[in-house]
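Trainee: Next up is a structure, given as structure tokens.
The values are calculated or read from the model by the stated rules, or taken from the named source; none is laboratory data. These figures come from a predicted structure and were not determined experimentally. We place every Cβ from the backbone using ideal geometry, glycine too, and count neighbours over all the protein chains shown. Surface areas here come from the heavy atoms of the whole protein model, side chains and all, with no ligands, DNA or RNA. Shrake-Rupley method; radii C 1.70, N 1.55, O 1.52, S 1.80 Å.
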Amino acid sequence: MRKRSREDITMSTKKLQETIALTLTLSTLCFGTALAAEQDKYTEDLGEVVVTAERIPAAAKNVPADVTVITAEDIKDNHYRSTAEALSHINGVVMTNGGDGYDETVCIQGEERVVVLVDGERINDDQGSMSRATATLSRVPQIDNVERIEIVKGGSSALYGSDAIGGVVNIITKTPTKNKTTLDMNTGSWHTHNYVLSNEGREGKTSWQLVGGLNKRSYFSYKGTDGDSHRMPSSDYSNNNLSVKVKQELTPAQSLTLRFNHQLINGNQYYYQDYPVPVGFVASGKQQNNFNDGSLTWKFKEDTKLPGFLRYFDHNKSADFSGKFSTRLQGIDYQNGWKLDANNKLVAGLEYHHSNSSNKPSGYEDKKIINKAAYVQDTMRLNPKWFFVPGVRVDNHTSFGTHWTPKAGLTYRADKATKMFASWGRVYKAPTADDMFYVSYGTWGSFKGNPNLKAETGHTESLGISHDFDAKSTLSASYFHSVLNDAITWYPVDGMNNNEMTNVDHEKRQGIELSWQQKLTPAWSYDIGYTYTDTSATDTSAKSSYLRHNSMPNAYRLGLHYQQGAWKANLMSRVGTGLDKASYGNRHFAVWDFNTSYEASKQLTVYLKALNFTNQAYSVYSSYRYPAAGRFFQLGMTYQF
């Protein structure tokens, strides 16, 4: 790959500046303050409204995308311990974990390249990891903060840029309307103890939310491929965290929001030693992750259908595991929207992100990455049944130049109960600092980054239909397809386990997703989901072997739910079949989780959870070297005062 000269970078930067200037000029001239003053108040009934699919409030039934929502009620009813646990029960979503509790990453429809947001604020970093994921759910706020989680499946680079190939997860936190304090305490297997105290309220034009948590575990056990349960050596874990959110209303249409989230994660790690001779799991060393993320957001036009914002954010990660490494990402995001006429809504935005990453033990220091972007999207209502959503984004990266990612989506509302959609879009992911500069040598082999990598580019397509047979029954079906050029992976360069980051020729994914939900009686309901994912690469050499190892061709979800009076109970299952036995140790698994709660009073609720209560052996990453936790019991209570 030819290195870009200073003249190339200057020309690319000038082109981006011209694009941004043109976008701003057109926005000001065509859709300026006079038009903003004519916008309607946000009072019409849109049914369930989502904000992630189009970056503006939109009826879920009208957006040309597969969108799933986890509500505050879902979180409360299941007493989820984390966002990762909540996502693990969503059809088409698989959670991976390279070190239990440390690096929880989300995989959507077989794709690790996913953007994760908190209140629309991107938490992916530019340092990267050993996988293709660049966001860990370990750094998001306590789930006690969360009002809803929106999952948009499928390529979304036209709005969210690099990494949005598998989709987008947006964790939307609460905005309090009344004063209350809540204490959640629980204890469980393996000397696990969790305490979460939250205080939220509103006084005049000021609202706040403060959540602190102490989470501790002495070890965990797992069921091995030999059929026996084992205590994992060096597997203690603790997470001390604090989240603060303060919102100040300036006018009925404007506000300032300050957000800060701190996570301090400590514990020991382990690894599977099989070189030079198989030994099994042994202690690896102490690991600490320290996350400190803050932002200040000015929101305006909040009394309209098309609110805007201007945000400054500063995200910091420092870690220590066989040496210290860190990354800092700062940036400014701007977005605005305009109603062109009764059937056209335009949204446009600008982004400037600047990161600095260091991993001195692994060969690099002070590697700077700057990405500048502009995007625009028009939501057109062609007639009462047809919606067309075109858009385009341009990114300019310091190392990989300018990339354009257009999109087009079409929705057909055959009737009030039926939605059909089709979408197409270009996608893009820039290599991370680790991809380019990471160097590690050990007795087990070596890993070496590649500064001459190309950016991953490609396209995604999806088709879907959903139909409400009545108020109690819904069926959804979708087909997804993606092609990624120059996909990046670790490539074994010899027979001695020495690996180098390399661009694979082509990586392809396609599959189907089916789901059915039905409420049988006022007390009983159930849901069933199935996802088939086929993953392949045109390069059939060892470069593409990781695709087979990371694929789960068949994934099933089952949920049975009961709610009567003060009692609630949920039985849920996650099933995987068709796994590569050489990698996972098993060809299939079936994990069953159960929870029940009793609301003793308006203030007090007690609950019991049994996770993986059949003690199933399965993996949480790409091989048996990362076994999932075995049978786990938890007893807890929440008290509100």
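Trainee: On a full-extension model of 0.36 nm per residue, what is the gain between residue 526 and residue 354, subtracting their alpha-carbon distance, rounded to one decimal in nm?
Mentor: So the extension gain works out to 57.3 nm.
Trainee: Could you give the distance between the Cα centres of the range 74-140 and the range 283-312, to the whole Å?
Mentor: 16
Trainee: May I ask which residue of 291, 258, 331 lies farthest towards the positive end of the charge dipole of the range 198-343, with charges of +1 (Lys, Arg) and -1 (Asp, Glu) on Cβ and the Cα centre as origin?
Mentor: 258
Trainee: Charges on Cβ only, +1 for Lys and Arg, -1 for Asp and Glu, centred on the Cα centroid of the range 364-442; of 376, 400, 388, which one is farthest towards the dipole's positive end?
Mentor: Ranked along the dipole, the leading option is 388.
Trainee: Report, in whole Å, the centroid distance computed from the Cα atoms of the range 214-228 and the range 474-518.
Mentor: If we compute the Cα centre of each part, the gap is 30 Å.
Trainee: Cross-link candidates for residue 508: which aspartates and glutamates have Cα within less than 12 Å, leaving aside residues fewer than 8 places away along the same chain?
Mentor: The reachable aspartates and glutamates, counting only those whose Cα sits under 12 Å from residue 508, are 111, 461, 486, 534, 539.
Trainee: Divide the volume of the convex hull of the Cα atoms of the range 386-481 by its number of residues and quote the answer in cubic angstrom per residue. Don't skip to the end; give the middle numbers.
Mentor: On the way: hull volume 14.5 nm³, N = 96.
With only Cα atoms used, the range 386-481 gives 151 Å³ per residue.
Trainee: In whole percent, what relative contact order does the chain give with Cα contacts below 8 Å and a gap of six or more residues? Could the numbers behind the result be given before it?
Mentor: Working: 1769 pairs, mean separation 74.6, N = 641.
For the chain, the relative contact order is 12 percent.
Trainee: Could you list which residues have their amide H under 5 Å from that of residue 628, counting only those 5 or more apart in sequence or on another chain, with H placed in the peptide plane?
Mentor: 618, 619, 620
Trainee: Counting only protein heavy atoms and a 1.4 Å probe, tell me what percentage of the range 49-640's accessible area is made up of carbon and sulfur.
Mentor: Reported share for carbon and sulfur atoms: 56 percent.
Trainee: Then there's this: Could you point to the residue in 639, 611, 235 farthest towards the positive end of the chain's charge dipole, with +1 and -1 charges on the Cβ of Lys/Arg and Asp/Glu respectively?
Mentor: In the chain, that residue is 639.
Trainee: Which value, in Å² and to the nearest 10, is the accessible area of residue 456 when all protein chains are kept and the probe is 1.4 Å?
Mentor: Counting only protein heavy atoms, residue 456 exposes about 0 Å² to solvent.
Trainee: Mind ranking 596-602, 58-64 by how tightly packed they are, going by the mean number of other C-beta atoms within 10 angstrom, highest first?
Mentor: Order by mean packing, descending: 58-64, 596-602.
Trainee: Under 17 Å from a point placed 7 Å out from the Cα of residue 381 along the Cα-to-Cβ direction: which residues of the range 394-421 have their backbone N that close?
Mentor: Residues 410-420 qualify, since their backbone N sits under 17 Å from the label point.
Trainee: Working out 0.36 nm times the residue gap between residue 76 and residue 342, then minus their Cα-Cα distance, what length gain in nm do you get to one decimal?
Mentor: Here the answer is 91.9 nm.
Trainee: Given that compact globular proteins tend to follow 2.2 N^0.38 Å, what is the ratio of the alpha-carbon Rg of the chain to that value?
Mentor: With N residues counted in the chain, Rg over 2.2 N^0.38 Å equals 0.94.
Trainee: Check which residues have an amide H placed less than 5 Å from residue 504's amide H, if you skip close sequence neighbours.
Mentor: Result for residue 504 returns 487, 488, 489.
Trainee: If you don't mind, there's one more thing I want to ask. Please work out the average accessible area per residue across the chain, using the 1.4 Å probe convention, and give it in Å².
Mentor: With the other protein chains kept in place, the chain gives 43 Å² per residue.
Trainee: Treat each spin label as a single point 7 Å out from the Cα along the C-beta direction, and report the residue 517 to residue 214 distance in nm.
Mentor: Those two pseudo-labels are separated by 3.8 nm.
Trainee: Stretch residue 506-residue 471 to full length: gain in nm at 0.36 nm per residue minus the Cα-Cα span?
Mentor: Full-extension gain reported as 8.2 nm.
Trainee: Within the range 387-440, which trypsin sites (Lys or Arg not before Pro) sit in a loop by DSSP and count at most 15 neighbouring Cβ atoms inside 10 Å?
Mentor: Here the sparse-neighbourhood loop sites are 416.
Trainee: May I pose another question? Provide the net charge surrounding residue 113, with neighbours chosen by a C-beta distance below 10 Å and charges set as Lys +1, Arg +1, Asp -1, Glu -1. Before the final figure, lay out each step's value.
Mentor: Numbers: positive: 132, 429; negative: 111, 112, 163, 456.
It works out to a net charge of -2.
Trainee: A further question on this structure: Any idea what the dipole of the chain comes to, in debye rounded to 20, about its Cα centre with Lys/Arg Cβ at +1 and Asp/Glu Cβ at -1?
Mentor: 360
Trainee: With r defined as the distance between the Cβ atoms of residue 191 and residue 604 and R0 fixed at 25 Å, what FRET efficiency is calculated, to the nearest 0.05?
Mentor: Numbers: r = 25 Å, r/R0 = 1.00.
With R0 = 25 Å, the Cβ-Cβ based efficiency is 0.50.
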